[in-house]
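Right, one structure below, let's go through it.
Readers should treat all values here as calculations from the given coordinates under stated rules, not as data from a laboratory. Remember, predicted model here, so these are calculated numbers, not experimental data. Note: ideal-geometry Cβ built from the backbone for every residue, glycine included; neighbour counts use all protein chains shown.
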Amino acid sequence: MLTNEMKGADCTHLFKSAYENRYTWESDFSGYEGRCSWTDGEREIKGSFCLGQDLKATVKEIDDEEMHKAISSQLWEVAIHRVRRSFTQTHGQNTFTYGDTNEIGSEIIVGGKNDGDKYRVKDDVVTMVYRHIHGNLIIILTEDVTNTGNGYLSKSYSSQYLDPISKKDLKGKSFYKDNFIPLGKGGPWVLSSRSIHQESSEGSIINKQVFSFSDLKSLGSKKG
């Protein structure tokens with residue numbers, strides 16, 4: 001439990017432990033392929049895809065340019081977060097000190113290269129990301145995770161883009177639910193479905209869309 005006496009104290013060890021507890025793919029990740037689909041509840045689009053060892057996604061059988069791009073983006077976004085980089089590689093030029101604590105977790109204030117960013121950590125999980133990226137401020141809140149036995153994957157979370165100066169909401173808050181499955185014993189774990197929606201001011205679900213990935217096979221399994 002974080003106490004007032006700990007505020008301002010170095011907490012690199014706490015953040016490093018949570019960072020290294022995230023699930024990432026092994027260096028011999030060979031890529032995978034399968035079927036893909038998108039639906040908004042009214043229409044459905046189906047196709048196939050291949051995500052190579054280089055993390056580039058190829059989507060086939062989908063002529064709708066917008067949906068083609070949307071499915072490719074989801075695959076790339078998930079893959080890029082599975083790349084294993086050491087804590088020093090990613091955060092070697094940052095410092096980490098304790099802030100406050102609340103039900104979301106212990107606040108970690110970043111100094112150095114990424115000064116102004118913040119995180120929260122609870123039970124060895126990064127439960128909040130508050131980062132300045134490409135001129136925007138993004139806040140990600142994680143509510144639930146999938147434990148793979150070799151690190152965790154965010155399962156239920158929200159993301160929000162804000163103007164970094166005015167803190168004005170730019171896109172509305174999006175809510176995500178991700179399901180992952182392992183390809184064979186021990187993985188790699190890959191996305192099998194992702195639902196994304198926003199909520200109206202009255203709290204009703206709007207703009208819901210679901211991306212599904214099935215018949216998943218590791219490209220490495222083709223080798224004799």
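How many times 2.2 N^0.38 Å is the alpha carbon radius of gyration of segment 115-174?
1.23
Measuring from centroid to centroid over Cα atoms, what is the spacing of segment 10-51 and segment 108-130 in Å?
21 Å
Please give, to one decimal in nm, the separation of the simple spin-label points placed at ILE165 and GLN89, each 7 Å out from Cα toward the Cβ.
The modelled label-to-label distance comes out at 3.6 nm.
Using the C-alpha gyration tensor of segment 80-147, what are the square roots of 5 times its eigenvalues, in whole angstrom, with the largest one first?
18, 16, 13
Once all Cα-Cα distances of segment 1-72 are split into 10 Å bins that start at 0, what whole-number percent is in each one?
Pairs per bin, as whole percents: 15, 28, 19, 16, 17, 5.
Quick one: Kirkwood hydrodynamic radius for segment 133-224, alpha-carbon pairs, angstrom, one decimal?
15.4 Å
Of all GluC sites (Glu not before Pro) in segment 1-96, which ones are in loop regions per DSSP and have a Cβ with at most 15 other Cβ atoms within 10 Å?
Loop-located and lightly packed - GLU26, GLU42, GLU61.
In this model, which of LYS113/LYS217; LYS69/LYS168; LYS69/LYS171 are farther than 30 Å apart at the alpha-carbon?
Those over the limit are LYS113/LYS217.
Give a quick list of GluC sites (Glu not before Pro) in segment 79-186 that DSSP marks as loop, anything other than H, G, I, E or B, with at most 15 other Cβ atoms within 10 Å.
In loop regions of segment 79-186 (DSSP not H, G, I, E or B), the sparsely surrounded GluC sites (Glu not before Pro) are GLU103.
For a quick size check, give me the Cα extents of segment 26-65 along its three principal axes, largest first, whole Å.
Projected onto its principal axes, the Cα set of segment 26-65 covers 40, 18, 13 Å.
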